[in-house]
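For reference, the structure is listed below as structure tokens.
The values are calculated or read from the model by the stated rules, or taken from the named source; none is laboratory data. None of these values were measured; they are calculated from a predicted model. Glycine also receives a Cβ, built like all others from the backbone with ideal geometry; neighbour counts cover every protein chain displayed.
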Amino acid sequence: MSLSDLTGRWKAFSYGFLDASAKRELRRKMIKAVAVPGCQMPYASREVPIARGWGTGGLQVTLTLVKPSSTVKVIDQGADDSVNAASIRRFLSRVSGAAETWDTLDATLIQSRHRIPEEKLTRDQILILQVPNPEPLRGVEPNMSTARQMHADADYGRMWLQLYEQMVRSGRVMLGASYPAMVNGRHVMTPSPIPRWDVKKLHMAEHLTILSAGREKRIFAVPPYTRVEPLVFDDVPYKVEDHAHLTCARSGVTGYFMNEIPQEDGSAGYEVSDSHFGIKAIDARDGGTPTVGQTWYRNGELA
Amino acid sequence: MSALMKEAPRLVRTQPLMELSGLSKTYGNVRALDDVSARVYPGEVLGIVGESGSGKSTLLRMMNLEESPDTGRYRLDLPELPEDLFTLDRFERRMLRARRIGIVYQNPHLGLLMKHSSSGNVAERLLVAGERRFAVLREKAQVALEASEFPIPRMDAPPIELSGGMQQRVQLAKAIALEPAVLLLDEPTTGLDVSVQALVLDTLKRLQQERRITMVLVSHDLGVIRTMADRVMVMRHGRVVEEGLADQVFQDPQHAYTQQLVHAKL
């Protein structure tokens, strides 16, 4: 008797790679996460064909939401063409039949690692952010049971104290990416390692954002039109990265979030971080007529 | 005028600020508190003495709402509070602790974040109570540290780098930062050398006189209780065995155990 006799003929048993029970688990937890904005929901994270820590949380959410009529965009720190982004996008397309795109305006599902596109998302789009460490209290409370209790009690004094200590020691808040934000006035969440530049894009946004950590098995969400307020003292304004005056060396656009490119002479050049937004800008400069959506920032200021 | 008014006019009150009645608590087979009642009047210092295991720290933890009894009630005579504070949920207890009850622990590690700045430790209390202005946090932390006679140039030093006496002053500043209705002191001078003990007690006495802070002082050191307390409660095996004015209890102890304590000290 061979193994094939015992197992029977292989046939596709599910759509979009995940089996029905995994999808049901994710759907239930996504609904819960939407119902209680910013609150981390534990879920039974499954194996997917990429390594833990490479976007398994985001991938499971995308696989649950994707359908043949979807158009998927995957970005990795703003880039559509990185190996990781391209691999995930192709995989999604292969297992679901969904169309692939680099254009933010065309996408219905946008899975992202560490950036939110520069063009505004609309109510018909869902942003899925990959999250390495979902617990914003980890830095101030190493015991995760206690941290969960603190969330339940809205006990965020230590988070504020962390900001106070940074102000005392450095004269400014030293947090860069993963800047903690209060969601709907109740739960503090980490918005994933997006830059401070992007955190305010989540505030009262039209689109649904789902944040998922596969390794840590936690899902949380920011529903449309939900308050997302970075933790900030009343008399110390929230500051985004000082990129407003920087100009992209390739496309010539100014006033957007830039990647710093070290130059051989020791200086730094800059390139717009949202790669496809940069491509559109280059196309426009060269006489093309790309469709560019409304952007969150205009002239370096949040619109 | 009654004799009581002549001896200690500030003790004459009609309404207690803090009232605990019929508290009992059992841990396994150990009866930690057995039908304990206590009243604390505004502006007075209640001293609680007893040997280790007598239940005085358990009682203090209940006063700080860190623990609930098996039976018993707890009332604070402040507006908008329920008749029994043990009915409050965890969140309400935390807010009440932050705003109205200050505590100084014997072990500074229980009350302080040792690696954060001293001013930050004080500010934490203000942050929990909802203060969100950095400049106000700095100012109020400085005022509280000054009141507890902490050297201001060191206000941003972490407690781990400070002496035991200084750590107690940081705890004290944290406890009084929001002008609490009642200040709970759990063996605040134990473990300090005698000269530092005297300095900390001086600070406490001055604060009590200047601000009329109501205090509950737990100690096994009768000298400390004698220095600070207006009234004394003697506990043994989870029960109150004697209660009265400090002078009365020390000069004319009625219960055999109190007599033993007083004579042991003398």
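When segment A:212-265 is limited to residues that are of a type in the set (Gly, Ala, Ser) and in a strand (DSSP E or B), the one that is farthest from the other protein chains (Cβ to nearest Cβ) turns out to be A:Ser212. Candidates are the residues of segment B:24-79 that are out of contact with any strand residue (DSSP E or B) (no Cβ under 6 Å at 6 or more places or on another chain) and part of a strand (DSSP E or B); the one that is farthest from B:Glu243 (Cα to Cα) is B:Tyr27. Picking from residues in segment B:77-106 that are under 22 Å from A:Met150 (Cβ atoms) and touching a residue at least 40 places away in the same chain (Cβ under 8 Å), the one that is nearest to the other protein chains (Cβ to nearest Cβ) is B:Ala98. Residues considered: B:Ala157, B:Ala141, B:Ala173. Of these, the only one that is in a helix (DSSP H, G or I) and either within 14 Å of chain A (Cβ to nearest Cβ) or closer than 18 Å to B:Val218 by Cα (or both) is B:Ala141. Might you let me know whether segment B:93-109 holds any residue that is assigned to a helix (DSSP H, G or I) and within 30 Å of B:Thr258 (Cα to Cα)? Taking every residue of segment B:93-109 in turn, at least one turns out to be assigned to a helix (DSSP H, G or I) and within 30 Å of B:Thr258 (Cα to Cα). Within segment A:131-156, if we keep just the residues that are in a helix (DSSP H, G or I) and of a type outside the set (Gly, Ala, Ser), the residue that is farthest from B:Glu92 (Cα to Cα) turns out to be A:Met144. Select from segment B:120-138 the residues that are closer than 15 Å to A:Val168 by Cα and more than 9 Å from every other protein chain (Cβ to nearest Cβ) and list them in ascending order. B:Val122, the sole residue that qualifies. Considering only residues in segment A:158-175 that are more than 18 Å from A:Val240 (Cα to Cα) and within 26 Å of the chain's Cα centre (by Cα), the one that is nearest to the other protein chains (Cβ to nearest Cβ) turns out to be A:Trp160. Taking the conditions (1) closer than 17 Å to A:Lys217 by Cβ; (2) at pLDDT 95 or above; (3) of a type outside the set (Asp, Glu) in turn, A:Ala51 satisfies each one other than (2). The set of residues in segment A:166-199 being surrounded by fewer than 21 Cβ atoms within 10 Å (Cβ to Cβ) and in a helix (DSSP H, G or I) consists of A:Gln166, A:Met167, A:Val168, A:Arg169, A:Ser170, A:Arg196. Filtered by the rule that a residue be hydroxyl-bearing (Ser, Thr, Tyr) and assigned to a loop (DSSP other than H, G, I, E, B), segment A:102-130 gives A:Thr104, A:Thr108, A:Thr122. Go through segment B:145-185 and give me each residue that's among the basic types (Lys, Arg) and within 21 Å of the chain's Cα centre (by Cα). Selection gives B:Arg169, B:Lys174.
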